[in-house]
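These notes concern the structure reproduced below.
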Amino acid sequence: MGKRTPLYAKHLQAQAKIVDFGGWDMPLHYGSQLQEHHQVRRDAGVFDVSHMTVIDLVGERVKEFLSYLLANDIGRLTQRGKALYSCMLKADGGIIDDLIVYYQKETQYRMVVNASTREKDLAWIIQQAKPFGVHVCFEEGDVAMLAVQGPKAREKVLPLLPADLQQEAANLKPFFACWNQDIFVGRTGYTGEDGFEIILPVAQVEAFWDAILAAGIAPAGLGARDTLRLEAGMSLYGSDMDESLSPLESGLTWTVAFKPESRDFIGRAALEAQAKTNHAVLVGLVLKEKGVLRGHQAVYADTGEGMITSGTFSPTLGVAIAMARLPAATAAEEVSVGIRDKRLPAKIVKLPFVRHGKACIDLDAV
């Protein structure tokens with residue numbers, strides 16, 4: 001038996017198929033993964049993401065600490081509630097985890113990291129925080145987290161928020177958050193759709209979940225979350241990146257802030273050296289023939305043999321899509337993928353595949 005979120009009983013009542021996910025018993029789907037995917041793209045769905053880890057960082061030198069800890073530049077956060085996506089690296093540039101951090105005030109930031117990396121993340125953050133006198137606040141089981149996503153997500157969930165947060169939440173720009181004493185609302189997500197990620201006390205989450213469903217927002221599981229994030233070109237830790245790979249090899253160069261040059265961060269020297277080499281790259285693929293792309297399938301390019309890191313059949317586009325890591329950048333527009341005993345042609349495309357329910361690639365040109 002794995003760990004369970006506060007909504008585990010609710011998932012069983014909804015006839016969810018439960019699977020192990022990083023040591024957690026989580027809903028894969030509630031009957032139809034395909035229906036849940038379309039529900040989020042066309043209307044609104046809610047995910048229980050209470051397995052994620054919420055960490056509060058407090059101290060006079062917390063900004064200095066995060067400037068050293070993260071590859072992205074925490075100095076970009078100057079407005080209350082502004083969020084930043086970043087990787088946390090080892091000295092050799094390998095990715096310990098990817099995360100979102102929110103600016104609350106000069107002496108306090110909130111960070112959300114992945115469930116599967118919880119223990120190593122906390123150990124690393126606590127170790128690195130000590131010289132800066134930063135207090136790492138984390139109490140397992142105190143809070144839950146829900147992600148309400150889709151084109152109608154915000155309008156449906158706003159009336160359910162506390163009265164003192166409704167107007168502020170309605171005015172939130174993407175990648176900003178607001179909060180009161182109990183509830184934290186971020187206009188962030190992992191689906192390529194608009195919506196909120198809401199952190200709230202465990203004691204309140206069952207009632208809030210029921211209110212969300214009563215508002216016409218359907219529950220969605222990990223299966224739909226994976227196809228949605230892949231369509232949106234969003235990387236998954238453990239599949240598209242890990243400690244053996246750098247952001248430059250994982251399609252995340254945009255999350256590394258080399259300027260200002262005076263800012264030192266863990267892994268900077270390794271990334272600067274790698275940037276001068278012909279390193280591996282992550283690309284998007286669309287299969288040109290019938291078939292399904294899956295993780296670990298071999299990819300054959302003019303720069304050598306690579307591998308699919310994440311693949312699926314896209315419900316929105318009606319074609320097979322994937323992220324794949326190639327040994328080095330190629331000038332060719334096509335590669336081939338080993339599927340069973342065949343090599344099928346696939347086109348390299350720019351990520352994402354889908355954003356806000358619309359195709360970002362020209363399917364007629366594939």
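Bear in mind these aren't lab numbers, they're just calculated from the coordinates by the rules spelled out. All values derive from a computational prediction rather than experimental measurement. Note: ideal-geometry Cβ built from the backbone for every residue, glycine included; neighbour counts use all protein chains shown.
Quick notes on this structure:
- Separation in nanometres of the label points that stand 7 Å from Cα toward Cβ, at Gln127 and Ser32: 4.9 nm
- In summary, the lysines within cross-link reach of Lys17, defined as a Cα separation below 17 angstrom excluding same-chain residues under 8 places away, comprise Lys3.
- Note on Phe175 and Lys90: the extension gain reaches 28.0 nm, defined as 0.36 nm multiplied by sequence separation minus the Cα-Cα distance.
- Lysines with Cα under 18 Å of Lys156, excluding same-chain neighbours fewer than 8 positions away: Lys173
- Where Cα atoms sit under 26 Å apart: lysine pairs in region 270-366 separated by 8 or more or lying on different chains: 12
- Relative exposure of Ser116, Ser310, judged by other C-beta atoms within 10 Å (fewest first): Ser116, Ser310
- The chain, helix-only ellipticity at 222 nm - DSSP H runs n ≥ 4, -39,500 (n - 2.57), divided by all residues, nearest 500: -6000 deg cm²/dmol
- Anisotropy class of the chain from Cα gyration tensor, a/c 1.5 cut: oblate
- Förster radius 25 Å - calculated FRET efficiency between Ala328 and Glu272, Cβ distance, rounded to 0.05: 0.85
- 12 Å Cα-Cα reach of Lys120 towards aspartates and glutamates, excluding residues that sit fewer than 8 places from it in its own chain: Asp97, Glu243
- Loop-resident sites, region 192-263, for chymotrypsin sites (Phe, Trp or Tyr not before Pro), counting at most 14 other Cβ within 10 Å (DSSP): Phe258
- Inter-label distance, Tyr300 to Ser336: 0.3 nm, where each label sits 7 Å from its Cα along the C-beta direction.
- Considering only alpha-carbon pairs that sit under 8 angstrom and 6 or more positions apart, the relative contact order computed for the chain is 18 percent.
- Of Asp302, Asp341, the sequence from fewest to most neighbouring Cβ atoms within 10 angstrom is Asp341, Asp302.
- For region 1-93, the list of GluC sites (Glu not before Pro) that fall in a loop by DSSP and count at most 12 other C-beta atoms within 10 angstrom reads Glu60.
- Taking Cα centre as origin and charging only the Cβ of basic (Lys, Arg, +1) and acidic (Asp, Glu, -1) residues, the dipole magnitude of the chain rounds to 560 debye.
- DSSP beta bridge pairing in the chain, given as percent antiparallel to the nearest 5: 95 percent
- Within region 258-365, the GluC sites (Glu not before Pro) that combine a DSSP coil assignment with at most 15 other C-beta atoms in a 10 angstrom radius are Glu261, Glu289, Glu333.
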